[in-house]
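Inspection log for the structure reproduced underneath, given as structure tokens.
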Amino acid sequence: MTTLEIGIIGLIFLLFLVINKVSVGIAMVVVGILGNILLSSIGPALTKLGSDIFLMTNDYILTVIPMFVLMGYFLSEAGIAEDLYDAIHGVVGNMRGGLAIATLFAAGIFGAVCGSATAAASTFGSIAVPSMKKHNYDFAFAGSVASAGSVLSVIIPPSTGLVLYGVLTEESIGQVLIGGFLPGIMTMILLIIATYLMLITNPNLGPKKSDKQPIVFEKFKYIWPIPLIFLVSIGGIYAGVFTPTEGGAVGAFAAFIFSLITRRLTWKKFWNSVSHSARITAMVFMFIIGGKIFGQFITRTMIPQQLANYIMGLDIAPITVILIFLLIYTIMGCFIDSIGILVIMTPITYPIAISLGYNGVWFGVVTGMFLLTGLLTPPVGVVSLVMASVTKIPTSQIFKYQIPLWIAIILASILAVIFPQIVLFLPNMMY
């Protein structure tokens, strides 16, 4: 067999394993090892595997992942999301659908200190959805809005997915993180507009009158650390004061101190924060190892280079290729977890994007945006499944009201593709 044929068989086998519920990280390790054995021989392939795994994980920059995850869990366990939600509701509650808008605003701001869509879904599923139901919102609609807001954590820094992209491609993690800020805000605004239009066109989805509640000024004394921690951590990365790892460590420490000062961090909550962070970090590291091994195999098969050469020979605009990637990522999101898509597709799509002359930082951010719909769409839709589990709303009902929200996310992705400066404006101003 030729190397190209081995690569194609490897891709088919990988999809077979994933469809049959094998963990994406493990599936990529298996395919990568078997593929490298076929391309060389068992001795050199296994010898290289042992050294490569150590080299892949023995990297100081990877400590940014547990630091940002831990920061989000400390603040989540401290109940800051509930304070944020109540404070924003008091400010925008005089609008039609104010509580739904407050949910999206709060989810976007919480995303600036969280980085995990599933953690955000669990948090807002237990806080926002019961409150919206109490104020006469359709229960399934409330779940749809909360789940859509939760995916903003994937694109608004700090984002585990963007960090993972930087690790896989060796692009600047700091620039990729900063590049996600403006697109994340744009996506949040488009989700708010879509939600408002849904309430206008179908008044039965929410209360007939505004659901205003008094501004609870006491809540603001608990939420001020969010902009401060974001400014110190992410702002420090932007200004070149911190590396991404140092920024993550500073953010995690600041979140820990805040939780202690407010006396909201019990030993049990501390243990929950650390143990959940450890589990997520282990999962991400498995993806990193699998992605690197699989990426080496795919590169050796020349599939990315062959695809790049083929696409370069077609008489189509480069932007059309990127929009095709958007379609592929969206369809794959119906069947594979978003992180799985990222580690499977990045070794293939990244070289093509670079060969077409696109900026690697920009492509990382738009890749993250391409993954957002996959977190919502059936049958996998991890965020929707978490929301259904937390709220006890049937998953089919949560999916029912998500189409306008999908459209808003896809529109945001297309705008980021057509206008690259939305992504690159802040990274280009960095140190």
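Listed values, structure above:
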item	result
Karplus-derived 3J(HN,Hα), 6.51/-1.76/1.60, for each residue of the stretch 154-160, Hz, glycine and proline x	6, 10, 7, x, x, 10, 4
Computed helical MRE - 222 nm, the chain, DSSP H runs ≥ 4 contributing -39500 (n - 2.57), nearest 500	-24500 deg cm²/dmol
Max mean-square fluctuation residue, GNM over the chain, Cα-Cα springs under 10 Å, options LEU38, LEU326, LEU182	LEU38
Positive minus negative residues near ILE237 (Lys, Arg vs Asp, Glu; Cβ under 15 Å)	-2
Nearest-0.05 FRET efficiency for LYS208 and THR395, computed from C-beta distance (R0 35 Å)	0.80
Residue-normalised accessible area of the stretch 241-290, given per residue in Å² at a 1.4 Å probe	55
Size of charge dipole - the stretch 171-319 - debye, nearest 20, with Cβ of Lys, Arg +1 and Asp, Glu -1, no other charges	800
Accessible surface of the chain [probe 1.4 Å, protein heavy atoms]: carbon and sulfur percent	71
Listed residues VAL386, GLY290, VAL64: farthest to the positive end of the dipole of the chain (Cβ charges)	VAL386
Inter-part distance where the stretch 148-189 and the stretch 1-40 are each reduced to a Cα centre, Å	28
The stretch 61-220, dipole about Cα centre (Lys/Arg Cβ +1, Asp/Glu Cβ -1), debye to the nearest 20	620
Inter-probe distance in nm under a simple model that places probes 7 Å from Cα toward Cβ, at ILE407 and THR299	4.3
Mean shadow area of the chain over all directions, Cα convex hull, nm²	20.8
Bins of 10 Å, starting at 0 and running to the largest distance - Cα pair percent for the stretch 99-190	19, 45, 25, 9, 2
Estimated vicinal HN-Hα couplings, Hz - the stretch 191-205 in sequence order (Karplus 6.51, -1.76, 1.60; Gly, Pro = x)	5, 5, 4, 4, 5, 5, 5, 4, 6, 6, 7, 9, x, 5, 6
Accessible area per residue, Å², the stretch 315-398 with all protein chains present, probe 1.4 Å	32
Point-to-point label distance, PHE13-LEU55, nm (Cα→Cβ direction, 7 Å offset)	2.3
Charge dipole magnitude, Cβ of K and R +1, D and E -1 - the chain, Cα centre, debye nearest 20	1100
Which listed pairs, of LYS21/LYS400; LYS268/LYS392; LYS268/LYS400, have C-alpha distances above 30 Å, in listed order	LYS268/LYS400
Other-chain or far-sequence residues with amide H under 5 Å of GLY97's (modelled H)	ASP211
Probe 1.4 Å, accessible area per residue of the stretch 93-178, Å²	21
Span from the the stretch 50-91 Cα centroid across to the the stretch 264-294 one, whole angstrom	9
Dipole-positive endmost among PRO203, ALA117, THR243 within the chain (Cβ charges, Cα centre)	PRO203
Extreme residue, positive dipole direction of the chain, given options HIS276, ALA146, SER131 (C-beta unit charges)	SER131
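The values are calculated or read from the model by the stated rules, or taken from the named source; none is laboratory data. Nothing here was measured: the structure is a model prediction, and the numbers come from that model. No Cβ is skipped: glycine too gets one built from the backbone with ideal geometry, and neighbour counts run over all protein chains shown. Please note that ligands, DNA and RNA were not included when accessible areas were found on the heavy atoms of the full protein model with its side chains. Shrake-Rupley method; radii C 1.70, N 1.55, O 1.52, S 1.80 Å.
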